[in-house]
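Notes to accompany the following structure.
The values are calculated or read from the model by the stated rules, or taken from the named source; none is laboratory data. Small disclaimer: the values here were computed from a predicted structure and weren't measured. No Cβ is skipped: glycine too gets one built from the backbone with ideal geometry, and neighbour counts run over all protein chains shown. Note: accessible area is taken over every heavy atom of the protein model, side chains too, but ligands, DNA and RNA are not part of it. Shrake-Rupley method; radii C 1.70, N 1.55, O 1.52, S 1.80 Å.
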Amino acid sequence: DQEGHFAVRVAPLTEELCVILAEDRTTAVRLEAIRRDFVTNVSHELKTPIGAISLLSEAVVEAADDPDTVRSFAGRMQHESARLTGLVAQIIQLSGVQADDPLLSPRRVEVGEVLAEAVDVCRVDADDRGITLTVVPGEDLAVVGDETQLAMAVSNLVRNAVLYSEPGGRVVVSARRRQEEDDSLVEIRVTDNGIGIAQADLKRIFERFYRVDYARSRANGGNGLGLSIVKHIAAAHRGVVDVWSKPGQGSTFTISLPEHSVDESEPAPGFADP
Ligand code: ADP
């Protein structure tokens with residue numbers, strides 16, 4: 001009852017008998033469609049700032065005699081090129097994490113340090129926007145993995161919490177231990193009381209380039225890649241990302257990862273085996 005793609009080959013053995021080889025190409029066809037989609041999206045995203053820079057540079061030449069206009073256009077060119085740099089950096093990050101390869105050298109990572117690092121990166125934005133940013137690191141919590149990637153994932157969530165909140169909003173970043181059947185998990189939680197996300201969009205926000213409000217995302221320097229990076233980093237750490245949100249009330253994103261207990265000095269056995 002599901003659509004599939006098969007490559008069928010028929011090899012005659014005798015006049016009455018033949019061998020039919022059917023290769024299931026469903027996954028390959030689906031991956032190819034995803035890849036094509038990605039390339040189209042990337043080209044579109046790159047074209048916008050490149051087009052703007054090109055037009056602005058023409059305008060600078062035209063306005064050469066008017067220093068104020070030149071300064072204003074040059075400022076906008078700087079803004080667009082910063083955007084371009086950010087986009088390229090995120091595409092590189094995404095291609096680095098989306099292969100879902102096992103992590104190269106997983107180590108014990110202190111969760112408190114991940115939270116501190118992630119919040120540091122967003123502090124200036126939060127202050128500029130009048131958002132109170134608070135960290136409540138759980139005590140002695142550790143996971144196994146790549147500290148830089150984990151900090152990147154958490155900072156993407158904190159960045160969103162800050163950008164999709166109104167001035168005066170509060171963002172709380174915390175971690176706690178959670179028991180799920182026999183597994184001990186570390187739950188990293190980023191909560192805001194910002195604009196929230198409608199139910200219909202919640203299913204799609206982890207898709208690459210998906211944005212609820214294109215204009216707001218763009219104005220904030222967003223490109224719709226942040227959450228897909230978070231999802232891939234969580235998966236590479238054998239974790240999951242969840243979201244709760246209500247328009248007008250705010251959002252809570254959680255990353256749940258297997259805990260690395262304090263007395264283990266080596267990474268959990270078998271961690272690198274997918
Ligand atoms: P972007 O670069 O647009 O922020 P993301 O992948 O990080 O891309 O997020 C996808 C979309 O999900 C955003 O465009 C935004 O509409 C929505 N979103 C993400 N986080 C939040 C949040 N904390 N509050 C409200 N909306 C959010």
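For the pair Arg178 and Lys203, a Förster radius of 22 Å applied to the C-beta separation gives a FRET efficiency near 0.40, rounded to the nearest 0.05.
The alpha carbon radius of gyration of the stretch 134-274, expressed as a multiple of 2.2 N^0.38 Å, is 1.09. The alpha-carbon of Lys246 sits under 16 angstrom from the alpha-carbons of these lysines, leaving out residues fewer than 8 places away in its chain: Lys203. The tail of the calculated P(r) for the chain beyond 31 Å holds 41 percent of all Cα-Cα pairs.
Under a 5 Å amide H cut-off, with hydrogens placed 1.01 Å from N, His260 pairs with Ala142, Val143, Val144 among residues at least 5 apart or on other chains.
Taking 7 Å steps out from each Cα toward its Cβ at Asp65 and Ile50 produces label points 3.4 nm apart. Sequentially through the stretch 179-186, phi angles give Karplus couplings (6.51, -1.76, 1.60; θ = phi - 60°) of 9, 10, 6, 8, 9, 9, 10, 9 Hz, Gly and Pro residues having no value and appearing as x. Normalising by residue count, the stretch 72-163 has a Cα convex hull of 104 Å³ per residue.
If you wrap the Cα atoms of the stretch 120-196 in a convex hull and average its projected area over all directions, you get 5.6 nm².
Reducing the stretch 1-47 and the stretch 64-79 to their Cα centroids gives an inter-centroid distance of 51 Å. For the chain, with all protein chains present and a 1.4 Å probe, just round the carbon and sulfur fraction of the accessible area to a whole percent. It is 53 percent, rounded to a whole number.
At full extension, Ala219 and Ile20 could sit 66.0 nm farther apart than now, given 0.36 nm per residue minus the alpha carbon distance.
Hull volume per residue, based on the alpha-carbon atoms of the stretch 200-261 and their convex hull, is 102 Å³. Computed from the alpha carbon positions, the gyration tensor of the stretch 50-93 leads to an equivalent ellipsoid with semi-axes of 26, 9, 4 Å, biggest first. Taking every protein chain into account, the accessible area of the stretch 12-73 amounts to 77 square angstrom per residue (probe 1.4 Å).
Averaged over its residues, the stretch 123-274 has an accessible area of 49 Å² per residue, based on protein heavy atoms and a 1.4 Å probe.
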